[in-house]
Amino acid sequence: MKGSAMSANVYPLTLLYDASCPVCRLEMDHLRERCIDGRLRFVDISAPGFDPAPYGASLDEMNAALHGITADGRTLKGVETLRAAYAAAGLGWVLRPSDWPLLRPLFDAGYRVFARHRYGISRVLRPAVETVEAWRTARRMQACQAGRCDARRH
């Protein structure tokens with residue numbers, strides 16, 4: 001999303017993601033933790049009973065690329081969705097290069113490869129994903145024990 005196109009009418013942004021993909025789930029959990037001001041909403045497309053109809057895309061389309069629905073009803077897909085989500089979480093700088101004209105096609109192609117092979121990639125990265133998840137769980141538990149628990153982040 002080009003800088004000037006990123007406006008208040010983007011948020012809250014509803015992220016339609018696949019929580020059955022460990023890498024995807026890990027990333028959405030990270031964004032959920034970082035964005036506590038309600039600018040991001042999370043919908044698991046792998047949840048039993050999920051109905052894609054209200055979102056204007058098929059489940060196959062949603063499985064092919066992360067979808068985001070802006071506050072004004074526009075649909076974002078793939079890296080464009082990630083750029084908007086990272087910006088909402090205060091991490092827009094991380095994906096800024098993905099919007100540069102010479103790099104955009106590379107990021108878009110890389111994302112499509114990831115999306116197509118995300119379950120295999122998750123299998124390979126399973127030990128790392130499990131380590132990060134365990135670390136985050138322990139950190140949350142410590143925060144709760146210290147009286148700094150925020151249930152919205154869980």
**Report entry** Pairs with Cβ under 7 Å, 6+ apart, first in segment 92-109 and in contact (Cβ under 8 Å) with a residue 60 or more places away in the chain, second of a type in the set (A, V, I, L, M)
**Finding:** none
Query raised in the report: Is it true that some residue in segment 90-100 is polar (S, T, N, Q) and touching a Phe, Trp or Tyr at 6+ places or on another chain (Cβ under 9 Å)?
Result: yes
**Report entry** Any chance residue 19 is touching a Lys or Arg at 6+ places or on another chain (Cβ under 8 Å), outside any strand (DSSP E or B), surrounded by fewer than 19 Cβ atoms within 10 Å (Cβ to Cβ) and of a type in the set (A, V, I, L, M, F, W, C)
**Finding:** yes
Requested in this report: Among the residues of segment 25-55, count how many are part of a loop (DSSP other than H, G, I, E, B), touching a residue at least 12 places away in the same chain (Cβ under 8 Å), within 25 Å of residue 121 (Cα to Cα) and open to solvent by 70 Å² or more (accessible area, probe 1.4 Å).
Outcome: 0
Query raised in the report: Do we have residue 136 as without any contact (Cβ under 8 Å) to a residue 60 or more places away in the chain, surrounded by 13 or more Cβ atoms within 10 Å (Cβ to Cβ) and of a type outside the set (Gly, Ala, Ser) here?
Result: no
Report summary line: Counting only residues in segment 90-107 that are surrounded by 11 or more Cβ atoms within 10 Å (Cβ to Cβ) and more than 15 Å from the chain's Cα centre (by Cα), the one nearest to residue 78 (Cα to Cα) is identified as 107
Query raised in the report: Yes or no: residue 73 under 25 Å from residue 132 (Cβ atoms), of a type outside the set (Asp, Glu) and not in a helix (DSSP H, G or I)?
Result: no
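The values are calculated or read from the model by the stated rules, or taken from the named source; none is laboratory data. All values derive from a computational prediction rather than experimental measurement. Glycine also receives a Cβ, built like all others from the backbone with ideal geometry; neighbour counts cover every protein chain displayed. What goes into the accessible areas is simple: the full protein's heavy atoms, side chains included, and nothing from ligands, DNA or RNA. Shrake-Rupley method; radii C 1.70, N 1.55, O 1.52, S 1.80 Å.
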